[in-house]
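A quick write-up on the structure given underneath.
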Amino acid sequence: MFSLGGTSSTKLGARFHQVCASVALSGLGDGMRFVALPLLAAQLTTDPRRIAAVSLAEQLPWLFLGLLSGALADRFDRRRILWLVDAVRTLIVGTLALAVAVQAATIPLLAAVAFLLGCGQTLYNGGWSGMVPALVDPSALTRANARLQAGSLITDNLLGPTLGALLFGAAAALPFAVDTVSFAAAAALILLLRGDFRPRLQAKPNPVTTLRRDTAEGVRWLWRHQLLRRLCLISGMTNFVGGALTSILVLYARGTLGLNNLGFALLLASFALGGVAGATATPRLTARFGSPRILKLTAAGAAIASIGAGSATSAVAAGLFIAGYGAANLAWNVTAVSLRQSLVPAGLLGRVTMAYQMTTGGAGALGAVAAGFTARSFGLRAPFLAGAVLLFAASLISVRSTTTSSLPTLVPTLDTPSRSGVGARR
């Protein structure tokens, strides 16, 4: 039976915890911006298509830079990529904070900033793809990923949105100013990280390659691996739904549920609470029941939660269903990411991961577009209900794709730890 992770005696190490601190600091600022950006957009327009356009702009870079970022990560020091990207994002968010402070913000400006930050996130994820396997033993992958996901959720989706809504109420520029500081602190922690994070490439008959050839190699590897190819399809379907729901959630919270800014932040926080529970429980659940069953049940659970959230008549009910969605979503992510890290060779991990994430990121962008037009034509509940249909389809594909015999056997873990849409940034 397949299970990822390490035993309770496996220590994650000081360098891993340094990376955790960087993720937490950056996530706190991200969470503030995650709630402040749609609130600011909602002040400038009530058209769901224009608000969804801001979300779309942040997803588009996956289509343009996804494969390139993976190829770069498999050529250069991944640590250097991470701190350089965060340093540039510090300047971008600082510029936005200044524009908001002088009341110069517009929807086109928000979309432009979202696009640039999305470019940074795409390059960051390429570098990030090989960091966890380089920091911990293979037997501790699930535990490490669960701890990172849970820690990021606490700051990114629980503390960040609540604090961001409060700061936004005091001054619209404050959440973006804090996000500027968080990016700078995260960059400093990664810059000070010790160790060699250059990819370990296998010897090749022709060591001189081009970025285009390297990129194509990663795409071919993913396409030829039947299990990962199917998981990529399922992830694309779930990300389509996640991108759709995220893009119109602020209007749903305010227009359908009657929530204020803080209420919207608490609705986001409910996702984080469920996500922390799901991520924390995943190592034990996979050790006891096996990853195939977890992947199947979490996809179906997300579909049920989407129906509930879209049909809710009260904010409390919506929050409970969104918490369930978060638990299912994070349990799926931790399991799938750990599986991918265990299957892909180190020298290909950046390219394969970004080919995978280009598919899921592109699906999220399409979901944002679809949600804007669906909500405009059929109402704000419609994207939730339509998304549930896709999630049920994803669960059926998962049943056919993930059998115990199709997965590798790894050391089980019994030790629990700890944005792409509504979720963790990494």
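The values are calculated or read from the model by the stated rules, or taken from the named source; none is laboratory data. What you are looking at is a predicted structure, and each value in this text was computed from that prediction instead of being measured. Note: ideal-geometry Cβ built from the backbone for every residue, glycine included; neighbour counts use all protein chains shown. Side chains included, ligands, DNA and RNA excluded: accessible areas come from the protein's heavy atoms. Shrake-Rupley method; radii C 1.70, N 1.55, O 1.52, S 1.80 Å.
Observations on the model:
- Sorting 244-252, 256-264, 342-350 by average packing, meaning the other beta carbons within 10 Å per residue, from highest down gives 244-252, 342-350, 256-264.
- Spin-label model distance (nm) - R376 vs Q18, 7 Å beyond Cα toward Cβ: 4.9 nm
- Given R0 = 56 Å, the distance between the Cβ atoms of V102 and R224 translates into a calculated FRET efficiency of 0.60.
- Solvent-accessible area per residue for the chain (1.4 angstrom probe, square angstrom): 39 Å²
- Each of the peptides 23-36, 85-98 was scored by the mean count of other Cβ atoms within 10 Å over its residues; in descending order, highest first, they stand as 23-36, 85-98.
- Kirkwood-Stokes translational diffusion coefficient of the range 61-200, alpha-carbon pairs, 25 °C, 0.890 mPa s, µm²/s: 149 µm²/s
- When a 1.4 Å probe is rolled over the protein heavy atoms, the share of accessible surface on the range 291-386 that falls to carbon and sulfur comes to 70 percent.
- Whole-number percent relative contact order across the range 59-211, with pairs defined as alpha carbons under 8 Å at least 6 apart: 45 percent
- Annotation: the chain has a Kirkwood hydrodynamic radius of 21.1 angstrom, from the mean reciprocal C-alpha pair distance.
- To put it simply, the accessible area of the range 48-96 at a 1.4 Å probe is 69 percent carbon and sulfur.
- Each of H225, H17 has its accessible area taken with a 1.4 Å probe; listed largest first, they run H17, H225.
- Charged neighbours of Q18, selected by a Cβ distance under 12 Å, balance to +3 (K, R count +1; D, E count -1).
- Each part gets one Cα centre, and for the range 121-171 versus the range 326-390 those centres are 17 Å apart.
- Peptides ranked, highest mean first, by Cβ atoms within 10 Å: ranges 365-375, 214-224: 365-375, 214-224
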